[in-house]
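In what follows, a single structure is set out as structure tokens and then discussed.
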Amino acid sequence: MVTTPEPERPLHLVVDGPEEAGEMPEAAEPGHPLGKVGAAVDDAIDRIWEPLRGNQLADRVFYTASELGDFSLIWHIAGTARGLTSRRGHREAARLALALGLESALVNGAIKSLFRRERPLHEEERPHNLRQPLTSSFPSGHASAAFMAATLLSERSRVKPLWYGLAGVVAASRIHVRIHHASDVVVGAGVGLLIGRVVRRIFSLR
């Protein structure tokens, strides 16, 4: 009985790979928005910050600040308080509320959609519950809202350092709780300062 030899398979079909097993290769993770330098800075700041994590006082301060920063709650409260206690305060409160809405749409909507950045890995259980956002990590909306609000609230204020200090605590809290990288916070703060200055110029209280 004469048998016909099977034809040799082409080389590219012999090589095993995920496609042959019906698996699709995973998409490569997007790079750091600020490149290798930004990634190195993030790693360095995270290592420096690590000893503060687990400290009861630091955890309580930063977790509380982070939670109050959700949906800009702390800034809406501050604006309402200014509206009730300051002459012409209703104008300041209305301007701040409008600006916070615009800032959220711009940062959490338009700007974040341009980047696909994963949030920091957090394997350990957090000491306090926090809302975990689903949007891109870059830039930080908490930081942008905080520094924009501080820019507006500090206008004609005798306690200007207080507003910026509070903004700094809210922004830094996102690094402490590992919901943002340090570069997310720095860029977010810069965006907030810029938006705040634009709003002050367009909607002047004078």
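A few notes on this one:
- Looking only at residues in region 114-147 that are of a type in the set (Gly, Ala, Ser) and outside any helix (DSSP H, G or I), the one that is farthest from ARG53 (Cα to Cα) is SER136.
- Considering residues of region 148-169 that are of a type in the set (Lys, Arg) and either part of a loop (DSSP other than H, G, I, E, B) or under 13 Å from the mean Cα position of the chain (by Cα) (or both) only, the residue modelled with the highest pLDDT: ARG158
- Only a single criterion out of (1) modelled with pLDDT of 80 or more; (2) in a helix (DSSP H, G or I) is not satisfied by HIS12, namely (1).
- Close pairs from region 176-192: first touching a residue at least 12 places away in the same chain (Cβ under 8 Å) and closer than 17 Å to PHE62 by Cβ, partner among the hydroxyl-bearing types (Ser, Thr, Tyr) and not in a helix (DSSP H, G or I), Cβ under 7 Å, at least 6 apart: HIS180/SER137; HIS180/SER140; HIS181/SER137; ASP184/SER137; ASP184/SER140; VAL185/SER140; GLY188/SER140
- Restricting the first member to region 36-54 and to residues that are over 19 Å from ARG126 (Cα atoms), and the second to residues that are not hydrophobic (A, V, I, L, M, F, W, C), the beta-carbon pairs closer than 8 Å and six or more apart or on different chains are GLY38/HIS32; GLY38/SER183; ALA39/HIS32; VAL41/SER183; ASP42/HIS32; ASP42/HIS181; ASP42/SER183.
- Looking only at residues of region 99-118 that are surrounded by 13 or more Cβ atoms within 10 Å (Cβ to Cβ) and of a type in the set (A, V, I, L, M), we find that the one that is nearest to GLY196 (Cα to Cα) is ALA99.
The values are calculated or read from the model by the stated rules, or taken from the named source; none is laboratory data. Everything quoted here is computed from the prediction, not taken from an experiment. For neighbour counting, all protein chains shown are included, and Cβ atoms are generated from backbone atoms with ideal geometry for every residue, glycine included.
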